[in-house]
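First comes the structure, then the notes that go with it.
Taken together, the values in this text are just the output of simple stated rules run on the coordinates, not laboratory data. Worth saying up front: this structure is predicted, and the values here are computed from it rather than measured. Backbone-built Cβ (ideal geometry, glycine too); neighbour counts: all protein chains shown.
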Amino acid sequence: MTLSDIIEEFIKELMDENGVIDLQRNLLAQQFDCSPSQINYVLTTRFNNDKGYIVESRRGGGGYIRVYKVESSKYNNLEKLLAETIGDSITINKAYDLIDVFKEKKLISEREQNIMKRALSDRAFNKVVQDDRNKLRADILKEMILASIE
């Protein structure tokens, strides 16, 4: 069993019942007497989207790494729902309505709601040809929703 295998198993064992764990790269590296880059290697090769995980990194003094185990069926169902609801194109009003629904259902915060609306506004797309705005808006909205629930 390699060091990468041992680190992977350790992280999986520590995950809580919700499939989430917060780690500090340097502390983990000290524990396994390896470099932080070894921890990065394990996270990028063993805990990636293809393997059903999302890794979120916060840098700075209180920085941490959060690893989420994603239920693939839940994620796939959401992608299907977004494809059917949003499709290839969405108007600004429909986009705002959908964002409001996600806020009402407490899937996103008020801050996220405001950021999403600003990012999808006609003002943000003022240099984009009118016909392409709704297509671009649909693609960006889908990605923001997926990112906000990860």
Treat the chain as a sphere of radius equal to its Kirkwood radius over Cα pairs and apply Stokes-Einstein at 4 °C in a medium of 1.567 mPa s; give the translational diffusion coefficient in µm²/s, rounded to a whole number. 73
With angles folded into 0 to 90 degrees, how steeply does helix 92-104 sit against the dominant principal axis of the chain? Use alpha carbons for both and round to 10. 50
Grab the beta carbon distance between T45 and S109, set R0 = 30 Å, and tell me the FRET efficiency rounded to 0.05. 0.40
Helix 110-119 vs. the chain, principal-axis angle (Cα, 0 to 90°, nearest 10): 60
At 20 °C and 1.002 mPa s, grab the translational diffusion coefficient of segment 72-149 from Stokes-Einstein with a Kirkwood Rh over Cα pairs, rounded to a whole number in µm² per second. 169
Run the dipole for the chain about the Cα centre, Lys and Arg Cβ at +1, Asp and Glu Cβ at -1, nothing else charged, and hand back the magnitude in debye, nearest 20. 600
Could you tally the net charge around Q130, taking each other residue with its Cβ under 15 Å from the Cβ of Q130, Lys/Arg +1 and Asp/Glu -1? +2
Expected sort for S148, S109 with the fewest Cβ neighbours (10 Å cutoff) up front is S109, S148
Given a cut-off of under 8 Å on Cα pairs at least six residues apart, what relative contact order in percent is computed for segment 72-149? 46
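Which net charge results when you count Lys and Arg as +1 and Asp and Glu as -1 among the other residues whose beta-carbon is under 12 Å from that of K12?
-2
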Please compute the contact order of the chain in relative form: average sequence separation of alpha-carbon pairs under 8 Å and at least six residues apart, divided by the residue count, as a percent. 20
Pairing the Cα long axis of helix 130-149 with the longest principal axis of the chain, what angle in degrees results, from 0 to 90 and rounded to the nearest 10? 30
In the neighbourhood of Q38 defined by beta carbon distances under 14 Å, the net charge of the other residues (Lys, Arg +1; Asp, Glu -1) is -1
Length gained when the stretch E13-R59 is fully extended (0.36 nm per residue, less Cα-Cα span): 14.1 nm
